[in-house]
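The values are calculated or read from the model by the stated rules, or taken from the named source; none is laboratory data. Just so you know, these numbers come straight off a predicted model, no measurement behind them. We place every Cβ from the backbone using ideal geometry, glycine too, and count neighbours over all the protein chains shown.
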Amino acid sequence: MGSLDKKPLLPHYDILEDDDAEYLAYRNYSRGAVSECNWLQLHENAADPMHIFALHGMNDSLFDFDDVMGIRPQIDFVHSDRHVSYIRTTDAENGNRLIRTSTIFVPTGKCIPPPDVTGKNPEEETERARMVGWWVPVDNEHTIGYHIERIDPGKRIFQPPDGEVIRDYEETQRVPDDWEAQVSQLPIARHALEHLATSDRGVVMFRRLLNEAIDAMERGEDPPGTIRDPADRVVVVPSGNEVIAPENLTPVS
């Protein structure tokens, strides 16, 4: 999509770099075969930790989030020149602490940790993310999603690749999910109508990164996250789940 002399190197995400592992590439059908909205409102979803609590943790989600997601978390955000991550900390009823980190990359990559964590098994559920996905714009109002996932024995695939999810109107109203939250914002969300809060810091951080990328391109420079040095092409993914037993906890300030 440009001159070959400006073609950057493809990033190598470290969680997908095990030569002995098995990987599965599949299309993300959770928002339809083609999502009927702009790519950015889909992408920002993974930088919004409170939607897990409000949307998935408080109803029977399509993705089988555990009850621990319905406990109000403490949240924080970190960023670099190529990504924004939220850090979501929840003290489960069993005394364990679940620390969940989710990341979106400039421009369209995302890395969400396994969604079926319960907070009950520190050894089994403490793991790095296994999936990297991309939202690929079709045009201003349509998007296609793709995933590459490492297949670990005994671990559930993030989204079984069994085709488009079809739900009737009543079900979408009674059990809303990401599709209802994102596509219902109109084909292109009107940011002027938003009322951003402290939990939206990750969204704001990413929009700033995106604006910086646009400004850099208009100046004829590489946008943030562009890789040209082979020594810099491995991207260390911060996403994952960590479950900590009570005896190993330190107080959350």
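Structure values in brief
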item	result
Residue check, Asp116 under 28 Å from Asn94 (Cβ atoms), of a type in the set (D, E, K, R) and modelled with pLDDT under 95	yes
Selection count where residues are loosely packed, with under 15 Cβ neighbours inside 10 Å and either farther than 21 Å from Phe105 by Cα or small (Gly, Ala, Ser) (or both), scope segment 197-214	1
Any hit, segment 219-236, residues being assigned to a loop (DSSP other than H, G, I, E, B), crowded, with 18+ Cβ neighbours inside 10 Å and not β-branched (Val, Ile, Thr)	yes
Residue, surrounded by the fewest Cβ atoms within 10 Å (Cβ to Cβ), within segment 124-151, restricted to residues that are of a type in the set (D, E, K, R) and without any contact (Cβ under 8 Å) to a residue 40 or more places away in the chain	Asp139
Residues located in segment 120-139, provided they are under 23 Å from Val236 (Cα atoms) and assigned to a loop (DSSP other than H, G, I, E, B)	Thr126, Ala129, Arg130
Identity of the residue in segment 1-42, under 24 Å from Arg150 (Cα atoms) and in contact with a Leu (Cβ under 9 Å, 6 or more places away or on another chain), that ends up surrounded by the most Cβ atoms within 10 Å (Cβ to Cβ)	Arg31
Options Ala181, Ala231, Ala245, Ala213: the member that is over 28 Å from Lys6 (Cα atoms), out of contact with any Lys or Arg (no Cβ under 6 Å at 6 or more places or on another chain) and at pLDDT 90 or above	Ala245
Test result for Gly57, within 21 Å of Arg174 (Cβ to Cβ), in contact (Cβ under 8 Å) with a residue 60 or more places away in the chain, of a type in the set (Gly, Ala, Ser) and crowded, with 18+ Cβ neighbours inside 10 Å	no
Of the criteria (1) more than 23 Å from Val204 (Cβ to Cβ); (2) surrounded by fewer than 21 Cβ atoms within 10 Å (Cβ to Cβ), which one Ile87 fails	(1)
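Table: residues versus (1) touching a Lys or Arg at 6+ places or on another chain (Cβ under 6 Å); (2) in a loop (DSSP other than H, G, I, E, B).
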site	(1), (2)
Arg31	no, yes
Ala54	no, no
Met69	no, no
Phe77	yes, no
Gly95	no, yes
Ile99	no, no
Pro107	no, yes
Pro115	no, yes
Thr118	no, yes
